[in-house]
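Chemist: Sharing a structure, written as structure tokens. Questions coming.
The values are calculated or read from the model by the stated rules, or taken from the named source; none is laboratory data. Keep in mind that this is a model prediction, so the values were computed, not measured. Cβ placement follows ideal geometry from the backbone for every residue including glycine, while neighbour counts extend to all protein chains displayed.
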Amino acid sequence: MLILAIDTALDACAAAVLDTSAGVLAQESQPMKRGHAEALMPLIARVMKASGVAFAALDRISATTGPGSFTGLRVGLSAARGIALAAGKPVVGVTTLTAFAAPMVSENDEQHPVITAIDARHDHVYFQVLAGDGRSLIKPKVAPIAEVLDAARFGPDAPHLVGNAATILADRWPADAPPPFKIDQQAAPDIAWVAWLGAAVSPESSPARPYYLRAPDAKPPKDPLAGAAQPPAS
């Protein structure tokens, strides 16, 4: 299977082409906080050229769906949908939390749980807790950092921390919990794993749409006529 993977959810602009029988054919990742819209399509063009794969030969497109930057998510998902539509291929979504956790679960000895965390600001994080074998122990949610640290006490085994909030958690780790087994601070997930996960899921179960764990801060204005007096019935 040939997969084009795209990630613009956090502080990177990245793409990769994966052949599941031969491995990653080409990949590129540029650290950036802004400017994904301008950088993404030229980056994809370079990766596709380096891979030697035509868009029509792809089997599917995989993109990160969040949690992440509101603007960044839309850039990546719009590009993925557009390429999928033009090439007549399916597109799948992979959550950023899963993409962060996947390599940790893959290399784990199944003893250490994995806490994957993304900075949600205002002393909150998006997080998920997985067993060493990949089973979900705590489903993805947004919560105060204190709540995540309470979850650290859920078992006797030292956890593996990963994500762009890994050091935030490590710096406030409770003294009465097993110390982290490993701390992997990463600005963005490994794009190769976005591709591998994209090959493993199905379009039906993993749609390519933004994955929000809380409502956006901005809300549409109320209908200005909603409270207006109504004309008397005739």
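Chemist: Here are some residues: ILE83, ILE138. Which one is under 25 Å from ALA199 (Cα atoms), surrounded by fewer than 17 Cβ atoms within 10 Å (Cβ to Cβ) and β-branched (Val, Ile, Thr)?
Modeler: Only one candidate qualifies: ILE138.
Chemist: What number of residues within the range 1-26 satisfy the criterion of being within 23 Å of ARG209 (Cα to Cα) and either over 15 Å from the mean Cα position of the chain (by Cα) or small (Gly, Ala, Ser) (or both)?
Modeler: Matching residues across the range 1-26 total 12.
Chemist: Consider only pairs whose beta carbons are under 9 Å apart and that are at least six residues apart or on different chains; among these, list those whose first residue lies in the range 30-53 and is in contact (Cβ under 8 Å) with a residue 60 or more places away in the chain and whose second residue is assigned to a loop (DSSP other than H, G, I, E, B) and of a type in the set (Gly, Ala, Ser).
Modeler: These pairs meet every condition: PRO31/ALA187; PRO31/ALA188.
Chemist: Strands (runs of 3 or more DSSP E) wholly in the range 1-47 with at least 2 residues that are assigned by TED's automatic domain parsing to the domain that holds ARG60, surrounded by fewer than 16 Cβ atoms within 10 Å (Cβ to Cβ) and in contact with a Phe, Trp or Tyr (Cβ under 9 Å, 6 or more places away or on another chain) - which ones?
Modeler: Passing ranges: none, list empty.
Chemist: Out of the residues in the range 93-135 that are aliphatic (A, V, I, L, M) and surrounded by fewer than 20 Cβ atoms within 10 Å (Cβ to Cβ), state the one that is nearest to THR65 (Cα to Cα).
Modeler: The qualifying residue nearest to THR65 (Cα to Cα) is ALA120.
Chemist: Ok, one more. Looking at (1) surrounded by fewer than 23 Cβ atoms within 10 Å (Cβ to Cβ); (2) within 20 Å of the chain's Cα centre (by Cα); (3) over 19 Å from ALA102 (Cα atoms), find the lone condition where PHE55 falls short.
Modeler: Here PHE55 clears every test but (2).
Chemist: Regarding ALA195, is this residue surrounded by fewer than 17 Cβ atoms within 10 Å (Cβ to Cβ) and either assigned by TED's automatic domain parsing to the domain that holds THR20 or under 12 Å from the mean Cα position of the chain (by Cα) (or both)?
Modeler: Criteria not met by ALA195.
Chemist: Taking the range 119-177 as the region of interest, how many residues are outside any loop (DSSP other than H, G, I, E, B), without any contact (Cβ under 8 Å) to a residue 24 or more places away in the chain and under 16 Å from PHE100 (Cα atoms)?
Modeler: Within the range 119-177, residues that are outside any loop (DSSP other than H, G, I, E, B), without any contact (Cβ under 8 Å) to a residue 24 or more places away in the chain and under 16 Å from PHE100 (Cα atoms) number 4.
Chemist: Only one of (1) modelled with pLDDT of 95 or more; (2) under 22 Å from the mean Cα position of the chain (by Cα); (3) surrounded by fewer than 17 Cβ atoms within 10 Å (Cβ to Cβ) is not met by ILE61, so which one is it?
Modeler: Result: ILE61 passes all but (3).
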